[in-house]
Amino acid sequence: MRAGLARRPAFPVNSTQLSLPLEEFIAQGSFSGAPGIARHRRVFCNRDLRMNGIAWVGFDMDYTLAIYNQKEMDELSIRATIEKLIARGYPEFIRSIPYSTEFAVRGLLIDKRLGHVLKMNRYKLVTKGYHGLRELGKDELRQLYHSKKIRPATPRFHWIDTLYALSEATLYAALVEAMTQRRMSIDYAKTFNDIREGIDEAHRDGTILETVAGDFPRFVNKDHDLAPTLHKLRSAGKKLFVLTNSRWSYTDQMMKYLLDGEMSEYPHWRNYFDVVIVAATKPAFFQERRPLMERVERDGDRLEPAAFPLERGKIYEGGNLHDLERALGAVGDEILYVGDHIYGDILRSKKESAWRTAMIIQELEGEVVAHESCSEDIARAEQLEDGRDRLEDELRFYQMRFKELSRRIEHPHAQLAAHDARSPPFGLPFGLSNGEAEAERARTKRAIDRVRARLRHAEAELQAIDRRVDQRFHPYWGSLLKEENEQSSFGAQVEEYACLYTSRVSDFLLYSPQQFYRSPRDEMAHELG
């Protein structure tokens, strides 16, 4: 049962029992799945998780504790990267090429051989694609990608699996479009690699991070419920840690902006956390045995091998999964790690450990709102699909009837000898004259044509609904988590590797820190009504 749906009591309620102020609890969202918790703020569950068994809760920082203004970050990254490309010899006109920061979503695949941006479903079937800003047709996609299995983990392809990487796909599509329109020759793989290197360089040299740190209100959406959420977890006996790839200087500035001064009980952001680890180099943190170092701030910053046990208030750097578990005194499912990166935070931690995982999907609020706005279309699509199934059954019946009539007309004596007259096929009496059989076949043919016309009408309406639903989610790619009737490749990863998922850390404030999150019943196709 989904977290958030109240169970009916399994025992009779004593009429003398004190009544609870249920309306007040609902208004406050005080129990899992209370109607008072707006759906776009709920925590969704893929695998049962009892929070009373969690001793430590860890957090990534960027796009997890710190929720960025995506449009502003993309604009900054794109402009910085364009300057890096021009410095590498790209033409000056790329400063003025049009682009849309709304173009990209997570879960896209770059085909560096052909210059395409693609979306796949959970079975790695390519269902949407663009060359520049030109949408690839279904026949084109089928010819290019449906004859053999796509292997994303090869140098030809590159995943866009983080919000940080959206600007890469946006700029790539814009460059391919601009250069194609100018009939310029393009090395698609080199162009994409240059974009990636340009963005990385802009991060390394401070072009991006110093700009962000100089104007946090512009680039970061401060959440005033974050501090109470961390406090609520601590008050329930949970210990908290930060595990981030960001360097210490940037981490300190960001966390001061997010948490300092938010609650009088915590004079400094470090007071919220029992362990802080920066420059963790995830996903290598989960796979390699890099040493855990302590940042010694006295007499100038320097790194020394960390001494165990780790001390609250100190800053650590690097490290690895095994040393951290030893330092925390907890292993496996006693640890819940909250992050946004499907590979670096969620997939790798899940594959290399028994940690429980919670994924922050910043786009989820919009996904839920879009899904709710499509309720009428979705209901109509289900009606059409049910009707289509019945029409296809009817079509098969009439086609077999038509085939049998044709055989009888063409070989009347053979048909009479082959069948028992007491049980004629499809309700056809064997005493039909040739003329009567011809007339019946003509009527059956008209019935086939009528059913086919109704099927074509249903398919056309379903396609129109699909397009309309897609537009409510995203103008280019539709739903982030779904693709047609299947999960998208990104949605499938979320389901497989994230025990919980929600839109922001502060959504946990609406639940008990001892919550039992229950996953929905998993049904196979044959179990559905």
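The values are calculated or read from the model by the stated rules, or taken from the named source; none is laboratory data. Predicted, not measured: the structure shown is a model, and the values here were computed from it. Cβ sites come from the backbone with ideal geometry, for glycine too, and all protein chains shown count toward neighbours. These accessible areas exclude ligands, DNA and RNA; they are computed on the full protein's heavy atoms, side chains included. Shrake-Rupley method; radii C 1.70, N 1.55, O 1.52, S 1.80 Å.
Here is how the numbers come out for the structure above:
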| item | result |
| --- | --- |
| Contacts under 7 angstrom Cβ, first residue in the stretch 490-516 being in contact (Cβ under 8 Å) with a residue 24 or more places away in the chain and over 25 Å from SER479 (Cβ atoms), partner open to solvent by 10 Å² or more (accessible area, probe 1.4 Å) and in a helix (DSSP H, G or I), 6 or more apart | LEU509/PRO228; LEU509/LYS232; PRO513/LYS232; PRO513/LEU233; GLN514/ASN52 |
| Where a residue in the stretch 459-477 is touching a residue at least 12 places away in the same chain (Cβ under 8 Å) and its partner, wherever it lies, is of a type in the set (Ser, Thr, Tyr) and surrounded by fewer than 17 Cβ atoms within 10 Å (Cβ to Cβ), with Cβ under 6 Å and at least six apart | ARG472/SER373 |
| Test: residue in the stretch 247-254 that is open to solvent by 70 Å² or more (accessible area, probe 1.4 Å) and out of contact with any helix residue (DSSP H, G or I) (no Cβ under 9 Å at 6 or more places or on another chain) | no |
| Residue match in the stretch 290-300 (condition: in contact with a helix residue (DSSP H, G or I) (Cβ under 7 Å, 6 or more places away or on another chain) and open to solvent by less than 40 Å² (accessible area, probe 1.4 Å)) | yes |
| Looking only at the stretch 108-126, and only at residues there that are at pLDDT 95 or above and in contact with a Lys or Arg (Cβ under 8 Å, 6 or more places away or on another chain), the one that is most open to solvent (accessible area, probe 1.4 Å) | ARG113 |
| Residues within the stretch 81-124 that are closer than 30 Å to SER147 by Cα and either in contact (Cβ under 8 Å) with a residue 60 or more places away in the chain or of a type in the set (D, E, K, R) (or both), tallied | 19 |
| Some residue of the stretch 42-55 being aromatic (Phe, Trp, Tyr), crowded, with 22+ Cβ neighbours inside 10 Å and out of contact with any helix residue (DSSP H, G or I) (no Cβ under 7 Å at 6 or more places or on another chain) | yes |
| Any hit, the stretch 178-190, residues being modelled with pLDDT of 95 or more and open to solvent by less than 10 Å² (accessible area, probe 1.4 Å) | yes |
| Condition met for ASP200 (closer than 14 Å to GLN253 by Cβ and surrounded by fewer than 19 Cβ atoms within 10 Å (Cβ to Cβ)) | no |
| Where GLY206 falls short, out of the listed (1) at pLDDT below 95; (2) under 27 Å from LEU480 (Cα atoms) | (2) |
| Scan of the stretch 405-447 for residues that are modelled with pLDDT under 60, surrounded by 12 or more Cβ atoms within 10 Å (Cβ to Cβ) and not in a helix (DSSP H, G or I), ordered by number | HIS419, PRO424, LEU428, PHE430 |
| Pairs where the first residue, in the stretch 220-238, is at pLDDT 95 or above and the second is small (Gly, Ala, Ser) and in a helix (DSSP H, G or I), C-beta under 6 Å, 6+ apart | ASP223/SER506; ASP225/SER506; LEU226/SER506; THR229/SER506 |
| Boolean, TYR68 is on the phi > 0 side of the Ramachandran plot, out of contact with any Lys or Arg (no Cβ under 8 Å at 6 or more places or on another chain) and either polar (S, T, N, Q) or modelled with pLDDT of 95 or more (or both) | no |
| Output for the stretch 135-177, where each listed residue is surrounded by fewer than 18 Cβ atoms within 10 Å (Cβ to Cβ), in a loop (DSSP other than H, G, I, E, B) and out of contact with any helix residue (DSSP H, G or I) (no Cβ under 9 Å at 6 or more places or on another chain) | GLY137, HIS146, SER147, LYS148, LYS149, ARG151, ALA153, THR154 |
| The stretch 56-81 - residue that is acidic (Asp, Glu) and farther than 12 Å from THR170 by Cα and, of those, surrounded by the most Cβ atoms within 10 Å (Cβ to Cβ) | ASP60 |
| Any hit, the stretch 260-278, residues being in contact (Cβ under 8 Å) with a residue 60 or more places away in the chain and either farther than 20 Å from LEU310 by Cβ or in contact with a helix residue (DSSP H, G or I) (Cβ under 6 Å, 6 or more places away or on another chain) (or both) | no |
| Conditions (1) among the β-branched types (Val, Ile, Thr); (2) farther than 26 Å from GLU334 by Cα; (3) in contact (Cβ under 8 Å) with a residue 24 or more places away in the chain: number failed by THR244 | (2) |
| Matching option when the condition is over 28 Å from the mean Cα position of the chain (by Cα) and within 21 Å of ASP62 (Cβ to Cβ), among ARG302, ARG290 | ARG290 |
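Residue-by-condition table, conditions (1) surrounded by fewer than 19 Cβ atoms within 10 Å (Cβ to Cβ); (2) farther than 19 Å from GLY58 by Cβ; (3) modelled with pLDDT under 95:
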site: ILE465; (1), (2), (3): yes, yes, yes
site: GLU495; (1), (2), (3): yes, yes, yes
site: ALA498; (1), (2), (3): no, no, yes
site: TYR517; (1), (2), (3): no, no, no
site: GLU523; (1), (2), (3): yes, yes, yes
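Residue by residue, here is whether (1) among the charged types (D, E, K, R); (2) out of contact with any strand residue (DSSP E or B) (no Cβ under 8 Å at 6 or more places or on another chain) holds:
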residue: SER503; (1), (2): no, no
residue: PHE508; (1), (2): no, no
residue: SER512; (1), (2): no, yes
residue: GLU523; (1), (2): yes, yes
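Matching residues to (1) under 24 Å from LEU480 (Cβ atoms); (2) open to solvent by less than 20 Å² (accessible area, probe 1.4 Å); (3) touching a helix residue (DSSP H, G or I) at 6+ places or on another chain (Cβ under 6 Å); (4) at pLDDT below 90:
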position: MET359; (1), (2), (3), (4): yes, yes, yes, no
position: SER373; (1), (2), (3), (4): yes, no, yes, no
position: ARG380; (1), (2), (3), (4): yes, no, no, no
position: GLU394; (1), (2), (3), (4): no, no, yes, no
